[in-house]
Amino acid sequence: MASQNYTISENDITNLPSSKGMKFLIIQSKWNNHITDNLFQGTFDTLIENGVNSDDISSLHVPGSFELIYAANAAANKDVNAIICIGSVIKGETDHFNFICNSVSNGIKDLNIKLDIPVIFGVLTDNTEEQAIARSGGKLGNKGIEFAISAIQMAHLRNSLK
Ligand code: DLZ
């Protein structure tokens, strides 16, 4: 599978410009929190490893991934360089999975068009819990690392366009 060979975490992390002084907001969905806690940790640790001061990382919690959109929009007036939305949607027996995945991906896409702040789509959309575990600190790594790297890259891109 393509994602198994995607090594953004190893390749890009060494080439990132320093992020000292930058501010990041992480919004974490508590649904499937055994997954999102690990994603948060991977994100947080990677920001710190790249020079971000822990005082410059703020966080908010929302009940489920659907609420990430409201929170990111409402928080957009905060003094941050990028917002990282973290969630985990796992397919169940009903169509709810599709509604949530479509709403959240479209909602975050809309925020990126509307807002001046980059909003990172840090939402895992897995068919099984096993897949979610594998991507949140398991055998396929921790996608939180990639969310942080994307946020840093987009924060620098935004600065370069000002
Ligand atoms: C309702 C629901 C379901 C069934 N599954 C998930 C999920 O897998 N991941 C997730 O983040 N949230 C889920 N939710 C909750 C919705 O995101 C939302 O919180 C509720 O529908 C209330 O608006």
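Taking the Cα centre of segment 7-162 as origin and assigning +1 to Lys and Arg Cβ atoms and -1 to Asp and Glu Cβ atoms, the resulting dipole is close to 380 debye. With a cut-off of 12 Å on the backbone N, the residues of segment 119-162 near the modelled label site 7 Å out from A76 along Cα-Cβ are 119.
Counted residue by residue at 0.36 nm each, then reduced by the alpha carbon distance between them, the extension gain from F97 to T14 reaches 26.3 nm. Taking a straight Cα-Cα cut-off under 14 Å and skipping sequence neighbours fewer than 8 places away in the same chain, the aspartates and glutamates within cross-link reach of K30 are E67.
Heavy atoms only, probe 1.4 Å: what % of the accessible area of segment 23-162 goes to carbon and sulfur, would you let me know? In segment 23-162, the share of accessible area belonging to carbon and sulfur is 52 percent.
Excluding ligands, DNA and RNA, the accessible surface per residue across segment 27-162 is 50 Å² with a 1.4 Å probe. Net charge in the neighbourhood of H34 (other residues with Cβ under 15 Å of its Cβ; Lys, Arg +1, Asp, Glu -1) is -1. When the residues E146, E49 are ordered by accessible surface, computed with a 1.4 Å probe over the protein chains alone, the sequence from largest down reads E49, E146.
The values are calculated or read from the model by the stated rules, or taken from the named source; none is laboratory data. In this text, all values refer to a predicted model and were calculated from it rather than measured experimentally. Quick reminder, even Gly has a Cβ in these numbers, built from the backbone with ideal geometry, and neighbours come from all protein chains shown. Calculation scope for accessible area: heavy atoms of the full protein, side chains included, ligands and nucleic acids excluded. Shrake-Rupley method; radii C 1.70, N 1.55, O 1.52, S 1.80 Å.
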